[in-house]
Amino acid sequence: MPTTLTEIAADTYRISTFAPDFGIQFNQFLVADDEPFLMHTGMQRMFGPTRDAIATVLDPARLRWIGFSHFEADECGALNEWLEAAPQARAVCSFVGVTVNLNDFACRPARALADDEVLATGRHQLRFLATPHVPHGWDAGLFFDETTRTLFCSDLFFQPGDPAPLDTADLVEPSLHAIRAGQSGPLANDLPYTPRTDATFQRLADLEPRTLATMHGSSFSGDGGRALRALGAGIRELLGGC
Ligand SMILES: [Fe+2]
Ligand SMILES: [Fe+2]
């Protein structure tokens, strides 16, 4: 599994591992700051390659915060490996995530973040947004780096394959195409459309991100607010009547 590292915004590194068996990328993001922050750990088998990529930027043992969106193997499967490798590291996610999952799963106590709470890591301010069921999972949340206007948007803007690290072209149509295609496969219905979905997309769009850091596929540099409004509208059209 080849792993690459690319700086996509100031102090913000995308660590990408392409998994041929899934046919998709699994991307982690490092904010290299006084208190380094990692967004998702990847699966257990990606711990080594992710750690080695981070080591080209900073000592992985310095990692202080490990954030993720929702409890799944690609979001936090290697959490305990990281907690062992980085003695000062602490997981941060939603209250639901800590209460329902991490209090049992994690080998050290995690920190629950309230909706809209800001985690300061030094030069960067990371705002936590509780986003239940967006992209999926009761415990879901996202992080917005107010310093670089980067939204770490987990499974939103999913694109299959092994595309470029950062793109300025439209990601909305490829993402909607992937959702449409997925609906006829064995992993269908991963994105629920709920009474909260429209308001959540509106809230994310109103952040007006300049970079969208996506877990599967290219990250995006450009008008992130517009992209989020378009993706939300597309999802409503595709799934709202289901
Ligand atoms: Fe997910
Ligand atoms: Fe994912």
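The values are calculated or read from the model by the stated rules, or taken from the named source; none is laboratory data. Please read these numbers as outputs of a predicted model, since none were measured by experiment. In this analysis, Cβ positions are derived from the backbone assuming ideal geometry, glycine residues included, and neighbour counts consider all displayed protein chains. Accessible surface is based on the protein model in full, side chains and every heavy atom, while ligands, DNA and RNA are left aside. Shrake-Rupley method; radii C 1.70, N 1.55, O 1.52, S 1.80 Å.
All conditions but one from (1) in contact with an Asp or Glu (Cβ under 9 Å, 6 or more places away or on another chain); (2) at pLDDT below 95 apply to residue 236; the one that does not is (2).
Could you please tell me which pairs satisfy a Cβ distance under 6 Å, a separation of 6+ or placement on different chains, a first residue in the range 135-157 that is within 10 Å of ligand 2 (Cβ to nearest atom), and a second residue that is acidic (Asp, Glu) and assigned to a loop (DSSP other than H, G, I, E, B)? Note: pairs meeting the criteria are 135/155; 136/190. Are any residues in the range 189-242 in a helix (DSSP H, G or I), of a type in the set (Lys, Arg) and closer than 18 Å to residue 140 by Cα, and if so, which ones? Passing the criteria: only 203.
If you filter the range 38-76 down to residues that are surrounded by 19 or more Cβ atoms within 10 Å (Cβ to Cβ) and among the hydroxyl-bearing types (Ser, Thr, Tyr), you find that the one that is farthest from the chain's Cα centre (by Cα) is 50. Every listed requirement among (1) in contact with an Asp or Glu (Cβ under 9 Å, 6 or more places away or on another chain); (2) open to solvent by 10 Å² or more (accessible area, probe 1.4 Å) is met by residue 115 save one, (1).
Residues are listed down the side, and each one gets a yes or a no for (1) open to solvent by less than 20 Å² (accessible area, probe 1.4 Å); (2) of a type in the set (A, V, I, L, M, F, W, C); (3) farther than 17 Å from residue 163 by Cβ:
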site: 185; (1), (2), (3): no, no, yes
site: 196; (1), (2), (3): no, no, yes
site: 210; (1), (2), (3): no, no, yes
site: 221; (1), (2), (3): no, no, no
site: 225; (1), (2), (3): yes, no, yes
site: 228; (1), (2), (3): yes, yes, yes
